[in-house]
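Read the structure below first, then the notes.
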Amino acid sequence: MAERDIVVIGASRGGFQGLRALVSALPADLPAAVFVVLHIGRHASMLPDLLTSWGRLIARYATHGEKVEHGTIRVAPPDRHLVLSKGRVWLSEGAKENFSRPAADPLFRSAAMEYGARVVGVVMSGDLDDGAAGLANIRAQRGFAIVQNPDDCEAPSMPRAALESCGADLLCVERELSRCIQAAVHGMSSDEASEGAQMNKNVFEKEARLAASRLSDIDSLDEVGERSALTCPDCGGALWRIKDDHPMRYRCHTGHAFTGLSLEEGIEARSETAIWSAMRAVHERVIFAKERQRWAERSGNEDQIKIEQARIDEAERLVELLREAVQTASSSAN
């Protein structure tokens, strides 16, 4: 019977009510430590107090360096990654992953490295694909994977990405999450990840060490990835595509990391920003041409008036084309 006593949970939009249902059914004597990442960004919340009021376990924000203890719930605090190492909890101001800090992937990855098969990973409702790579990390180390059924989620993207990444040992609806976690903790057998969905353990371990070191040297990145023509949407640095494709993911030398959907979102946002910047620049050409035209009118320079009008007409046509491009980009993103 497998001993599993580390439960790591990742959730985003739609996960709040799921967490309520989950903790309300966990027993006070749960022989495991529970760690929760909810995408709250920089904003403080009452989540730990609410989790405590909803259930039998005491929940609070994790503190740097505290020991891992059974029968507790620790929540990643605002704007800090929560990671596990050497039997303790550590908080990090490292680079965002999948545009989030806290993010599920750093927690899942560190738990897999530290505790291996003792880990139960849970991916709940949320947008994009944070947690997909982390759950693959857990399965690569023979941990247990639970995914909320996408059809039961307000935001099905995160669980779908997790399933595509590595599958799951249990697929369950919101009201069954607690029961599934308890079954995993108490030794339910784990299926092997399907062939073709197995993360390369050697690459995973090297990548995990890179993530822990924050800034990465180029040679180390070359060991785990291939240099890409793409650049980081967060800092503009070069991206490396990690050699293991389960799931497809990218990392830059400053520590930002992305799985496929998150990188796509970043590229689309950057493209739209670039179009708006181009529109602003062209519109400034119109404004300047009109000012020069008024100057020419005051000077009685008919030739210059015509030249400036031609410039205005050309720039306004270009502004319309750029406006159509923005609308097209926004429609495709939605």
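Brief remarks follow.
- Seen against the Cα atoms of the chain and their longest principal axis, helix 104-115 is set at about 30 degrees.
- The range 64-78 and the range 266-318 have their alpha-carbon centroids 57 Å apart.
- In the chain, a dipole from Cβ-located charges (positive for Lys and Arg, negative for Asp and Glu) runs towards its positive end, and of M46, G134, M158 it is M46 whose Cα lies farthest in that direction.
- Modelled this way, with points 7 Å down the Cα-to-C-beta line, the labels at E302 and A21 are 7.8 nm from one another.
- Fully extending the segment from K243 to A229 would add 3.5 nm, taking 0.36 nm per residue of separation and subtracting the current Cα-Cα distance.
- A straight chain from N202 to D49 at 0.36 nm per residue would run longer than the Cα-Cα distance by 51.1 nm.
- Long-range amide H partners of R88 with built H, under 5 Å: V68
- Packing order of peptides 95-108, 146-159, 265-278, 18-31, highest average first: 95-108, 146-159, 18-31, 265-278 (average count of other Cβ atoms within 10 Å over each peptide's residues).
- Among 61-73, 164-176, the peptide with the highest mean count of other Cβ atoms within 10 Å heads the list, and the full ranking is 164-176, 61-73.
- Simple spin-label estimate for V173 and H186 in nanometres, 7 Å along Cα-Cβ: 2.2 nm
- Using the Cβ-Cβ distance between D313 and S213 with R0 set to 41 Å, the FRET efficiency works out to roughly 0.15.
- Shape category assigned to the range 6-185 from the gyration tensor of Cα positions, a/c cut at 1.5: rounded
- Full extension of the chain between I58 and E272 gives 72.6 nm of extra length, using 0.36 nm per residue less the Cα-Cα distance.
- Label separation (H283 vs E320): 1.7 nm, computed from points 7 Å beyond Cα along the C-beta direction.
- About its Cα centre, the chain has a charge dipole of approximately 920 debye under the convention of +1 per Lys or Arg Cβ and -1 per Asp or Glu Cβ, with nothing else charged.
- Only Lys, Arg, Asp and Glu carry charge here, each on its Cβ (+1 for the first two, -1 for the last two); on that basis the range 152-287 has a dipole of about 480 debye about its Cα centre.
- Whether the range 213-255 is rounded, prolate or oblate, judged on the alpha carbon gyration tensor where a/c under 1.5 counts as rounded: oblate
- Among 136-142, 125-131, the peptide with the highest mean count of other Cβ atoms within 10 Å heads the list, and the full ranking is 125-131, 136-142.
- Derived scalar couplings ³J(HN,Hα) [the range 304-317; Karplus, 6.51 cos²θ - 1.76 cosθ + 1.60; whole Hz; x for Gly, Pro]: 5, 4, 5, 4, 5, 5, 4, 5, 4, 4, 5, 5, 5, 5
Values quoted throughout were computed directly from the atomic coordinates according to the rules given, and no laboratory measurement underlies them. Just so it is clear, the model here is predicted, and its values are computed rather than measured. Cβ coordinates were reconstructed from backbone atoms using ideal geometry, including for glycine residues, and neighbour counts include every protein chain displayed.
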